Each structure stands twice: as structure tokens, then as C-alpha cells.
Amino acid sequence: MSTTNSTITEDIRAKAKQLLSSGEVAAFLGFTTGTLPMTMRPFVARRPEDAERLVWNSFCVMNLANYLPDLLKSVEPPRGPKDPPPEGPLPKVGVLATGCWSRNIVVQIQENQVQRDRLVILGIGSRGMVDRKKVLAQVDGREVWTSEEGEHSLVIEGPGFKKEIQRWDVVRDNCQTCIHPNPVIYDYQVGQPVSPREVKDRFRQVNEIEAMSSEERWSWFQEEISSCIRCYACRNACPLCYCPTCFVDDSRPQWVGKSIDLADTSIFHILRAYHCAGRCTDCGACESACPMGIHMRLFTKKLEKDVLELYGTEAGMDPDVPLPLTTYKEDDPQNFLITEAVGQTSEAGEGVKP
Amino acid sequence: MKVLRLDKADLERWFVNWAKTREVYGPLRQSSSDSKSISVNKSYTDWAILKDGKFPELGTGLPKSPIKKFFFPQPETLFTCSKRKGDPDAFVFKEPENRDNARKVLVGVRPCDARSVELNNLPFEKDPYFQANRAKTAIVGFTCRDRCQTCFCKEVGGSPVGTEGMDIAVTQLDDFYMAEVITEKGEELVQEGGGASEASGEEISRLKESKAQVESLFSSMSDPAQALEAMKAKDLFALYNAPFWSQLADSCINCGICTFLCPTCYCFDIQDEVVKGTIRRIRYYDSCMFPLFTLQASGHNPRGQKVQRVRNRFMHKFKYFPDRFGPFSCVGCGRCIRECPVNIDIREVLKDLLAVE
């Protein structure tokens, strides 16, 4: 039976094969099936025959934009650190992009991490990716041996059970509240564009957190991150995290402690989130990568909401709209920085002149 | 060796009695009381204190984390010293005052995890911290009855019914349990637990039969002893320069999941931390996946590229460690396979390594 995903898979293979055979791209970045159900392996096809291994399904949760800066470097002709760049255009890379991944590519272009003319983007309208942890929760954490995907359902099998699950019930939180499922930049469309879903309140989870008292919020945050093992999978799965030396790895000066002391873990998660402010597309790769089930995308989701409210922009929607936090405008909102002093007496206000 | 026959109630009584003088840990479901949509939803088991004779939850495969944290804690405080001005002992490093001296019993440890303690003991043989932790921690293992998809203990020299590293090995037989008392520490636990009867000859032969049956579920892809010898005989540089490393690096995101959740990854770094006028020198987990792991003071990094870091993890487990200590540094628990966000499968890597001429 042909499903949307199997049709997309066929189209990806055909296009990737053509791009690799014609030499238009030096490498094509997609996914292949691995050794376990519900976990896809990001895969680089370098020969036309590798294209047959490319697969598209609901478990392609890693953000492929994450691999682009390194992959582009790897296909360049080797040269020493002091050699000039080679003459002529550099080799291209083909890549799959859904709505959020394409927006991450836009951000990477704006931040000079990748060059648009070196990418051949196959755009895919995303139907939402499945959260493996949600599936496991449905079977009480038991092992899943096989998973078969239909158009709107998943049939999973494990020790002593076989269960059909409605696909939408186990789609990731970020995908369920996504209003930009179609790519914003691409060279070829694969499959059909998805009609945007009606999302009642995409910041519903953030509203829930905002409704807490600050004590409740802090204890929620501490509980959420208490299981963090500092493996940095969230950081490394993130296409925004490309600093040559991350602040957590810096030792001169040492910004943050290295072990799993809650104070250090808190600083890591707070700073990681703030580094993503105005740049995050809520692709959910951080949460999908986390082995401990921490909902760290809620931290960045709050910042996404703030940036939208303050600046009226969303990351990566338009290459011509600069990122709000890296540009300065006379009329930038500043009421979150400067608040009016209320009932200030003259002694307390000493030195704080309006 | 003493073999006892126990009912579930006997085991529960043991746990209660042990808890009088020790901390008793077992795998428990990590649950949240919260019903909010943002609540912490954790559908896995992990090591937690077993209170009131609570039975460990062993039904859903291995607990999330290995038991190495009980022997090689994250972090371990090695020394402390005062940094306060005028303190005559300022900057004199001393043994930490509040060392955790509680005796511990780990209940429900699977054979792979129990074996990891023996393997880690090889590099940590003369490490006073590891040895002190080991001396105060007893392992009550539960042999396996099923295998998970990601289990491969036999391929790397273990066994699903093995007792290596355990003080007591418990095997469930239908509605009752058999306990093999392996070490003196185990004997002490039996004395404290009390009231278990010696197994009959018939029961012991049933234990043997059951173990043999489980063993047959875990057919190995190759002869493990032969694979180990083959790896030792292979040329290091042929393995080092094998073409498949770059394909692995294509997928890898260089996070620390595999190393931190690995029972036999034992690399660490040491740092001084200052908290409220006290310096503590801590030893904490490091990962060869991180660039900082090999960064030198000069700024040079001999493993500056991802492919070099990915390669090191597997070369260490399957070549450097066996060359130096004998066995593979892997117990086949499969956590790295299950938890890897990009499906890097250590079994495939071992197969690829064994195929290198």
C-alpha cells in the first residue's frame, strides 16, 4: 500500500540519485533505517547507488540542518589552514528540509554558517514526527520490537503485545503545535505541501508554566532538569549550536561547573535556552535526543513566545528579515529592560536618575 | 557454594532487614505526581532507594543508568580544603569530611551490569576511591529470563545467567526464587536477611536446567573467545585506518549519551570547584566524544575531528583495553544502542572491526 511517506521516499531516492549521478551535489543528506524500530539514522549518500538506502517516515526526528556546516566543509577540496580558498564554486550538498529545518537553514545562512548557493534543498511538507517516548509510554515502557507505519496509525509489537496506535496521538508536542509545516526555502518539492493545521493555542504549554507562581515554576524547572546527565545531546542535536568552543567546555575562564550539581545543570540549561532566543524554530531535536526525557524545548518555547510578542518575528521565516536579537533598531521594545520605578523614595533612588 | 530457596516474601523480608543497616537500591519506575501537560513523564526505571521492602521493577529491561555511579560516582570528591584567609589550614588538601560511608546493597542487578564492576576493576585496581566504594557495596544480582533486542552479552564474553561481580545471584523459577551465595559479603547478607532454607537437590537441578534454557536464547553471532583473540591479533593501524569510521562520523552528533550511560566507560577529568570558601577537588565523568577530552594546554587537539573521537570510543573498548587488560571493555548491555539518537550500533561496529583484514 502506498502511503504519503512511501511516496516521499521514492521521490527522495529518485531525486538524490539524479543529483549524485549528474555530479550536481557531492553528497546527499537524508535518513536511512537503522537496527532498531522507531530510530532513524541520519545518512550521507555519496554515490548514486547509496540513494536507494534513503528512507522517509515519521521517525526522522533529528534536524538535518545540524549536520550542514560540517558536511559542507567535508566536501571541500582539502587545504591547509593558510592556503587560500580554491577558485571556482565549491561542491554542493543536497539536503531534505521540512518547515522547521528549512527555517534553521535560513538562520544558518543569516549567521554565515552555510551558503545558500551550495545547497540543493528538497522541501518536504511535514505531517509531524512521532515521539518515540510517547509510544513507549503507551506500552508502559516495555520494549518495542517492530513498528509498522500506516497512513494514520502505527502498529507496534513487543513482548506479549501488539497494538495499534493513532499516529497523531504520539506525534511530538512541538509538531502538534506547529503552524509552519512547509519549507520556507527549497529547490524541489518532494510530495505535496501540507495544509497548515489549525492549532488552537500553540503556546498552551508555555501558558501553563507562566501561570505558576515563581516558586512553583522554579521547582518545576529543577525537577525537570534533575535527571540531566550533562551528555549535551540537546546541544549537539541543535542546528543553532555551532560555537567552536561551547561555554560549558570553556576552562579559561570556567563559566560553569562540570558535574551534575543542580546549580551547574541549571546554568547550562538556562544559558543554552537563552543562546537560542530568537533563533529557535522549535524543531524538537533537543528533546528527541534527550535520553532522560527532559522537556527542554519548553524553555526555548517560552523565548520563542517572548520574541514573537516583543518583536513580532519568528526565526527563519524570511531570509531578508534580520534576526531580532542581532540587530538594533531605534524603536526596539525595551520595556523588559527598563521598568518604571514605583513609589521610589529619594534615599533609595540615590544615583538612579531618570 | 550455598544455594537457597526463597519465596517472594522471603526476599521482601531480606530487603526490609537489610534496609535497617544499609541503603538498599533497586530499579524503580520514575513517576511524576503532576497531571499537567508539561509534567515530567518518565516511562523508564532507574536506580532508587527501595523503601518498605518494595520489590525492584525488573519487567521492562535494564534500568536507564548503569550501576557505575555507585562505584565511580558523578562526581567523587577527592579532597577538600579551606580557602579562607587566616585559616591556618588554608590550601591544605584534606580527605573530605562528609564522605558517604553508608553501606549499600544493589538489588536486581543484571549479569551484564554486575560484570561491568569486574571489568572496571581492572583499570581501577589501585584506585582507593573505587575500591572503597566497592568494599561498602554489595550486589544482589538477578539473572535474566528474557533478552531485549539490544542485548549482546554473549558476544563480548558475558552470559545472561552469569554471576560475575555478584555477591548473591538470584534466579526466578516460576513462583519461587533460588539464591546462589557467592561471596562472604553475600553470606553476611543472608545472615542479616534471615530465614531462608537450603535448596534441595531437585531444586538445584531445576536451577541448572532453567539457566541452560535461558543461555540458549542468547545464541551468539560468533564465538566470543575467538572474536576476542582475533581482535588482539589484528594490526592496530589496520583497524585505525578502516574506511567505515567516516561513515559512523557522518551520523554521530558527538554527544555523551553512549559514554555516560555505558557501564564500562570510566574516563574522568579532575577539577577544583570553590563553593562558599571551600575548595573541593572533584573527579567527574568525561567523554571521548567531547573535543575538550584531549585538548592540550598548548591549544593543540590530537583528536580535533569528530571522526577521531568516534573511532576512539570503539577502539578503546575493542582494541586498546583488551590489549592491555584482556577482555573487551563492553558487557553487551545495549544501552548505547537503545539510547543513541542517531542509531549508532556498537554490534555493527564490532562486526566491521572483526572483518578488517
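Things to note:
- Among the residues making up region A:249-263, a single one is more than 9 Å from chain B (Cβ to nearest Cβ) and of a type in the set (Val, Ile, Thr): A:Val256.
- All positions within region B:298-357 that are in a loop (DSSP other than H, G, I, E, B), touching a Cys at 6+ places or on another chain (Cβ under 9 Å) and either more than 10 Å from every other protein chain (Cβ to nearest Cβ) or at positive phi (or both): B:Arg303, B:Ser329, B:Cys330, B:Val331, B:Gly332, B:Cys333, B:Gly334
- When the helices (runs of 4 or more DSSP H) confined to region A:139-253 are screened for residues that are surrounded by fewer than 20 Cβ atoms within 10 Å (Cβ to Cβ) and among the aromatic types (Phe, Trp, Tyr), those reaching at least 1 such residues are found at A:214-225.
- Of everything listed in (1) in contact with a strand residue (DSSP E or B) (Cβ under 8 Å, 6 or more places away or on another chain); (2) in contact (Cβ under 8 Å) with a residue 40 or more places away in the chain; (3) not hydroxyl-bearing (Ser, Thr, Tyr), the single unmet condition for A:Cys280 is (1).
- Residue match in region A:41-48 (condition: over 28 Å from A:Arg167 (Cβ atoms) and more than 10 Å from chain B (Cβ to nearest Cβ)): yes
- Test: residue in region A:289-311 that is over 19 Å from the mean Cα position of the chain (by Cα), free of Cβ contacts under 8 Å to residues at least 24 places away in the same chain, loosely packed, with under 13 Cβ neighbours inside 10 Å and in a loop (DSSP other than H, G, I, E, B): no
- Output for region A:72-91, where each listed residue is in contact with a helix residue (DSSP H, G or I) (Cβ under 8 Å, 6 or more places away or on another chain) and either touching a residue at least 40 places away in the same chain (Cβ under 8 Å) or crowded, with 20+ Cβ neighbours inside 10 Å (or both): A:Leu72, A:Pro91
- Scope region B:205-219; condition surrounded by 15 or more Cβ atoms within 10 Å (Cβ to Cβ) and either within 15 Å of B:Asp146 (Cα to Cα) or in contact with an Asp or Glu (Cβ under 7 Å, 6 or more places away or on another chain) (or both); matching residues: B:Ser210, B:Lys211, B:Val214, B:Glu215, B:Phe218
- Annotation for region A:41-57: at least one member residue is in contact with a helix residue (DSSP H, G or I) (Cβ under 6 Å, 6 or more places away or on another chain), of a type in the set (Phe, Trp, Tyr) and on the phi < 0 side of the Ramachandran plot.
- Which numbered condition B:Asn343 fails, given (1) touching a Gly at 6+ places or on another chain (Cβ under 8 Å); (2) without any contact (Cβ under 8 Å) to a residue 12 or more places away in the chain: (2)
- Among the residues making up region A:1-28, a single one is of a type outside the set (A, V, I, L, M) and within 14 Å of chain B (Cβ to nearest Cβ): A:Phe28.
- Long-range neighbours under 7 Å by Cβ, at least six apart or interchain, first residue without any contact (Cβ under 8 Å) to a residue 12 or more places away in the chain within region B:166-189, second assigned to a strand (DSSP E or B) and crowded, with 22+ Cβ neighbours inside 10 Å: none
- Single residue of A:Gly34, A:Gly94 found to be in contact (Cβ under 8 Å) with a residue 24 or more places away in the chain and either surrounded by fewer than 17 Cβ atoms within 10 Å (Cβ to Cβ) or closer than 26 Å to A:Cys175 by Cα (or both): A:Gly94
- Just one of (1) away from every other protein chain (no Cβ under 14 Å); (2) hydrophobic (A, V, I, L, M, F, W, C); (3) assigned to a strand (DSSP E or B) fails for A:Phe31. It is (1).
Condition check ((1) more than 8 Å from chain A (Cβ to nearest Cβ); (2) under 21 Å from B:Cys340 (Cα atoms)) across all residues:
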residue	(1), (2)
B:Leu236	yes, no
B:Ala242	yes, no
B:Cys255	no, yes
B:Phe260	no, yes
B:Ile270	yes, no
B:Ile279	yes, no
B:Arg283	yes, no
B:Asp286	yes, yes
B:Met289	yes, yes
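- Residue that is farthest from B:Thr259 (Cα to Cα), among those in region A:204-242 that are of a type in the set (Val, Ile, Thr) and within 7 Å of chain B (Cβ to nearest Cβ): A:Ile209
- Residue that is farthest from A:Pro239 (Cα to Cα) [pool: residues in region A:312-339 that are charged (D, E, K, R) and surrounded by 10 or more Cβ atoms within 10 Å (Cβ to Cβ)]: A:Asp332
- Scanning region A:92-137 for residues that are of a type in the set (Val, Ile, Thr) and not in a helix (DSSP H, G or I) turns up A:Val93, A:Val95, A:Thr98, A:Val114, A:Val120, A:Ile121, A:Ile124, A:Val130.
- Considering (1) within 24 Å of B:Phe328 (Cα to Cα); (2) surrounded by fewer than 24 Cβ atoms within 10 Å (Cβ to Cβ); (3) touching a Leu at 6+ places or on another chain (Cβ under 9 Å), the lone condition that B:Asn121 does not fulfil carries the number (3).
- On inspection, B:Val105 does not qualify as touching a helix residue (DSSP H, G or I) at 6+ places or on another chain (Cβ under 8 Å) and without any contact (Cβ under 8 Å) to a residue 60 or more places away in the chain.
All of the numbers you see were taken from the coordinates with simple rules; none came from a lab. Predicted model, so just to flag it, every value in this text is computed and none were measured. A quick note on method: Cβ atoms are made from the backbone with ideal geometry, for glycine too, and the neighbour counts reach across all protein chains shown.
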